[in-house]
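Engineer: Take this structure, written in structure tokens, and hold onto it; I'll ask about it next.
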Amino acid sequence: MKQQNWCGLTTKMSTVLSGVFSIMATHMHLIFEGKHLGNGNCTNFLQSQNFNVVSHIFICESFKIVLILSLITMMLSCLLLYSVYAQIYGGLMIYTIWILIYEATNLAIQILTYEFCEALIRAMRLFGWVTRASLHSFYLYFVITHAQIIYQSKKQGNILSYHRRMSLGGGDAPRRKSKILSFIHHND
């Protein structure tokens, strides 16, 4: 199958760049959020306001949630890189689904913790999320396209091996002699 180029990049190269971008962006996000999330005493601050249980957990445990999500994202980004190398389309699809969950959860944390940050920090966090989410969306197109290419090539490979097995198992066709054997046989 012929590789298509978009701006000089193949789908395979763009998928690799997606994995590298995810690792780097997640690491930078984790460093930034480590300084601005996770107020030590959020329970006293939130008791004066009326929040439901889910919002309370998201706000008080926001850094732990971001940390866990980031570690899972880094592991799945490594899975993406391995899947590109080993031609496993399932790994690419798992990565795609996870990135959607990761960005949606980070958006929820951004919204719930929005009022607890200074204006400058709010703007930086929002800009960081928008940039990361839009680049993830850009790269997901290439990841899905590459997964489709891998899936189609695996499907064609299975069809070819099935036809080979069928042609070998028929027994109707006479066996061909090797050219080497026929050459040796004619020289005698």
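The values are calculated or read from the model by the stated rules, or taken from the named source; none is laboratory data. Since we're looking at a predicted model, the values are computed, not measured. Positions of Cβ are backbone-derived with ideal geometry, glycine not excepted, and every protein chain shown enters the neighbour counts.
Engineer: Consider K64 against the criteria (1) among the basic types (K, R); (2) in contact (Cβ under 8 Å) with a residue 12 or more places away in the chain; (3) touching a helix residue (DSSP H, G or I) at 6+ places or on another chain (Cβ under 8 Å): it satisfies all of them except one. Which criterion is unmet?
Structural biologist: Against the list (1) among the basic types (K, R); (2) in contact (Cβ under 8 Å) with a residue 12 or more places away in the chain; (3) touching a helix residue (DSSP H, G or I) at 6+ places or on another chain (Cβ under 8 Å), K64 comes up short only on (3).
Engineer: Within region 3-25, identify whether any single residue is at pLDDT 75 or above, not in a helix (DSSP H, G or I) and not hydroxyl-bearing (S, T, Y), and answer yes or no.
Structural biologist: From region 3-25, those at pLDDT 75 or above are 8-25; that's our starting set.
Those still in the list that are not in a helix (DSSP H, G or I) too: 8-10.
If we keep only those that are not hydroxyl-bearing (S, T, Y) as well, we get 8-9.
Within region 3-25, one or more residues are at pLDDT 75 or above, not in a helix (DSSP H, G or I) and not hydroxyl-bearing (S, T, Y).
Engineer: Any chance region 123-132 includes a residue that's touching a residue at least 60 places away in the same chain (Cβ under 8 Å), assigned to a helix (DSSP H, G or I), touching a Leu at 6+ places or on another chain (Cβ under 9 Å) and not charged (D, E, K, R)?
Structural biologist: The answer is no; no qualifying residue exists.
Engineer: To continue, here is another question. If the Cβ limit is 6 Å and pairs must be 6+ apart or interchain, which residue in region 135-154 that is over 13 Å from I97 (Cα atoms) pairs with which residue that is at pLDDT below 90?
Structural biologist: Close Cβ pairs (under 6 Å, with a partner that is at pLDDT below 90) amount to F142/T11; T145/T11; H146/T11; I150/Y89; Y151/Y89.
Engineer: So I59 fits all but one of (1) touching a helix residue (DSSP H, G or I) at 6+ places or on another chain (Cβ under 6 Å); (2) modelled with pLDDT of 90 or more; what number is the exception?
Structural biologist: (2)
Engineer: Which members of region 7-16 meet the condition of being touching a residue at least 24 places away in the same chain (Cβ under 8 Å) and over 18 Å from A86 (Cβ atoms)?
Structural biologist: Going residue by residue through region 7-16, those that are touching a residue at least 24 places away in the same chain (Cβ under 8 Å) are 9, 11-12, 14-16.
The answer is L9, and nothing else.
Engineer: Take N39 and tell me if it is over 21 Å from E103 (Cβ atoms), at pLDDT below 95, crowded, with 16+ Cβ neighbours inside 10 Å and of a type in the set (S, T, N, Q). Spell out how you get there, then give the answer.
Structural biologist: Working: over 21 Å from E103 (Cβ atoms): yes; at pLDDT below 95: yes; crowded, with 16+ Cβ neighbours inside 10 Å: yes; of a type in the set (S, T, N, Q): yes.
So N39 passes the test.
Engineer: Let me ask something else. Would you mention how many residues in region 80-94 are surrounded by fewer than 16 Cβ atoms within 10 Å (Cβ to Cβ), at pLDDT below 95 and among the hydroxyl-bearing types (S, T, Y)?
Structural biologist: Adding up the residues that qualify gives 1.
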